[in-house]
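Computed from the coordinates by the stated procedures, all read-outs in this text should not be read as laboratory data. Computed from a predicted structure; not experimentally measured. Neighbour counts are summed over all protein chains in view; Cβ atoms, including those assigned to glycine, are modelled from backbone coordinates with ideal geometry.
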Amino acid sequence: MWRNSLYNELIKITARPRSFLGVAAITLIIVLIQVAMKMDGLSYIQFITAPIEQNLIIEGNILNGNLMTFIILQMLLIHIPLLVAFITGDLISGEAAMGTLRILLTKPVSRANIYWSKYLAGALYTILLLLWIAILAWGGGHLLFGTGDLIILNSDGIVILQAHDIFWRLSAALLQATLALLTISTLSIFFSCFADNSIGPIVSTMGVVILFTLVGSLDVPIFTYIRPLLFTTHMAAWRLWFNDPVPYADIAFSSVILVLHIIILAGLGLWKFNRKDILS
Amino acid sequence: MKPLLSARNLVKDYGSFRAVHDVSFDVYPGDVLGFLGPNGAGKSTTLRMLLSLIRPTEGQIHIFEKDLLTHRTSILSKIGCIIEKPDFYKYLSARKNLQLFARWSAQDIPNSKIDELLEFVGLGDRGKDKVAGFSHGMRQRLGIAQALLNDPELILLDEPTTGLDPQGIIEVRELILRLKNERNKTIVLSSHLLSEIELIANRMVIINKGKALVQGEVAVLLNASELFVSFHVDDVQKAMDCIHQSKYATSISMHQPNEFQMQINREDIPAIIKLCTDNQIAIYSVEGRRKLEDYFLKLTST
């Protein structure tokens, strides 16, 4: 029955045009960035590296597929939560609005089965979306720009990673980003359990993301205690994999916070869904 | 005979509002139970409780001699239903929708069964079309096909003819009658139309403001209730004088300028008509209404 339920949920997601709108938009953005960088990327790189070139001589293919992948991930991972919430926030509430949840819950399937199959389908969509971005950014980047060392400027200075040292970091960073996006999908499914319309959970999810981000960025003493516990503080933890040396303790802490959010929100969502009166 | 479904002292509260108040009833194998009441009477809430879509605040529901709360999935595997509107995944075809629900039915339902059901509800040639393009009547028929997927022993239909045009109402009623007559299904049907219940059901429960007011055999309830017959005539006074001199003198209940009303049996109507025509009183119309109908109309108008 689990397999049937998951299969049904995947059919529903793939049959809806809206599921591919985000994918199409992301594909378009990545292709646009890559074409633009191919045409005028060097002047952009010179602008970025100008301050350090007074002390350093940079040689070789700086504008390469690895740098392009990093740039694209950095740009897109801020916006993907909206796309994820757009699909996962609709999984339960959208069916309530359509009236199909009413029929679905009269079938001989436990509510937990329905909840988890929706959750898994949402998680699969999130993972595939991220994988698609990675494939497009990395594959397209290497095809257009070739390979090379990765030079990253961050608040601590410059990090130079050799070409052969990047792929495993990228893979680990994607797993880390997956965890962050799964937190978003879990949050939107949680809100979805309370609503009978599609918009509410999407707006609520983005509202929480914006609120937590604001709380995390404000330099108010009381927030310094809260900040490490907010999932938004750990949304960009994937970047830590590109530090040298890799701060494993920080990554582990971020992962634990994100996993705790996922467990608590998924549990609360299931609790609510099991008790939900279907009035729509 | 043991009831197939037994609801005892069902109560549902929404905050301080009591939507269903101590409702109890039984459904026996082969029954078509009409659940009759005006809009907002608590019919849908009660049916939703029978399907575990809503948790009762109080009361017990036993279906197939099992408690609904503890045996939900095994009970639902033998139930088919349409609750209010027949909603489907509009972006999928009728057949795909049925395949989807079939996979949730805890049974191995072959595609041939789905095609057979589409045929049964008259949608055999529309299986590949997306539901988005279906009329309300077609969706209602698809809803019935969906309800029959698991060959249920008990079918719950909540206002299955609401929103349909006259042709659609006839088609859906015929389908329900076929389920009763050809497939011998036990059916619980809610409606706000007494005439519909009278046509389809053999037993009924009248519910209003969350309370079950009357229940029993439809035939017994309707036949037992006295008949009010209105006679529209050209000369009410003359007609009244004639009747006062007959054995029906005490039957007259009221009169208006062109109409008088009598509480009589069906069999007495021809005698009254003869009495009038023998006295050269022109009768324009004779209209019979049962006491239960009046009672129900009174319920629905308040």
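Tabulated results
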quantity	calculated
At R0 = 25 Å, FRET efficiency that the Cβ-Cβ distance of B:Asp115 and A:Leu120 yields, to 0.05	0.20
On Cα atoms only, tilt of A:248-275 relative to the major axis of chain A in degrees	20
Förster radius 22 Å - calculated FRET efficiency between B:Ser195 and B:Ala249, Cβ distance, rounded to 0.05	0.10
Cut-off 18 Å, label 7 Å out along Cα→Cβ of A:Asn197, residues of the range A:243-280 by amide N	A:279-280
Those aspartates and glutamates that a straight Cα-Cα span of less than 16 Å connects to B:Lys211, excepting residues fewer than 8 apart in one chain	B:Asp13, B:Asp22, B:Asp26, B:Glu58
Ranked list, fewest to most other Cβ atoms within 10 Å of each Cβ, for B:Cys242, B:Cys81	B:Cys242, B:Cys81
Chain B - convex hull of the alpha-carbon atoms, volume per residue in Å³	166
Distance between the range B:112-140 and the range A:38-111 - C-alpha centres, whole angstrom	41
All Cα pairs of the range B:226-301, percent lying beyond 22 Å	19
Lys/Arg +1, Asp/Glu -1 at C-beta; the range B:226-301 dipole; positive extreme among B:Ile273, B:Tyr284, B:Ala249	B:Ala249
Helix B:94-103 vs. chain B, principal-axis angle (Cα, 0 to 90°, nearest 10)	70
Point-to-point label distance, B:Gln237-A:Arg275, nm (Cα→Cβ direction, 7 Å offset)	7.3
Set of aspartates and glutamates with alpha-carbon distance to B:Lys185 below 12 Å, sequence-local pairs under 8 removed	B:Asp31, B:Asp151, B:Glu153
A:Ser155-B:Asn258 pseudo-label distance in nm [points 7 Å out on the Cα-to-Cβ vector]	9.1
Cβ neighbours within 10 Å from other chains - mean over A:108-115	4
Two-site FRET efficiency, B:Ile170 against B:Val286, from Cβ-Cβ distance with R₀ of 25 Å, rounded to 0.05	0.40
Estimated 222 nm signal from helices in the protein assembly as shown, with DSSP H stretches of n ≥ 4 weighted -39500 (n - 2.57), rounded to 500	-16500 deg cm²/dmol
Residue-averaged beta-carbon neighbours from other chains (10 angstrom radius) around A:210-218	0
Distant-in-sequence amide H partners of B:Thr186 (H built 1.01 Å from N, under 5 Å)	B:Gly30, B:Ile155
Chain A - Rg over Rh from alpha carbon coordinates, Kirkwood radius	1.02
Lys, Arg +1 and Asp, Glu -1 on Cβ, resulting dipole of the protein assembly as shown about Cα centre, debye, nearest 20	760
Those lysines that a straight Cα-Cα span of less than 20 Å connects to B:Lys209, excepting residues fewer than 8 apart in one chain	B:Lys12, B:Lys43, B:Lys298
Value of relative contact order over chain A, rounded to a whole percent, pairs C-alpha under 8 Å and six or more apart	25
Dimensionless Rg ratio for the protein assembly as shown, taking C-alpha atoms and the 2.2 N^0.38 Å reference	1.38
Mean separation of Cα contacts under 8 Å, 6 or more apart, over the residue count of the range B:226-301: relative contact order %	46
Residue of B:Asp151, B:Asp235, B:Asp67 that the Gaussian network model of chain B assigns the largest fluctuation, springs spanning Cα pairs under 10 Å	B:Asp235
Mean Cα-pair separation over length for chain B, i.e. relative contact order, pairs under 8 Å, 6 or more apart, %	21
Distance from the range B:181-254 to the range A:239-280 (C-alpha centre basis), Å	63
Label-point separation, A:Ile58 to A:Trp132 (7 Å along Cα→Cβ), nm	3.2
Shielding by other protein chains, B:84-93, mean Cβ within 10 Å	4
31 Å Cα-Cα threshold exceeded, pairs from B:Lys2/B:Lys180; B:Lys180/B:Lys274; A:Lys276/B:Lys128	B:Lys180/B:Lys274; A:Lys276/B:Lys128
Count of lysine pairs in the range A:2-275 with Cα separation under 17 Å (8 or more residues apart, or interchain)	4
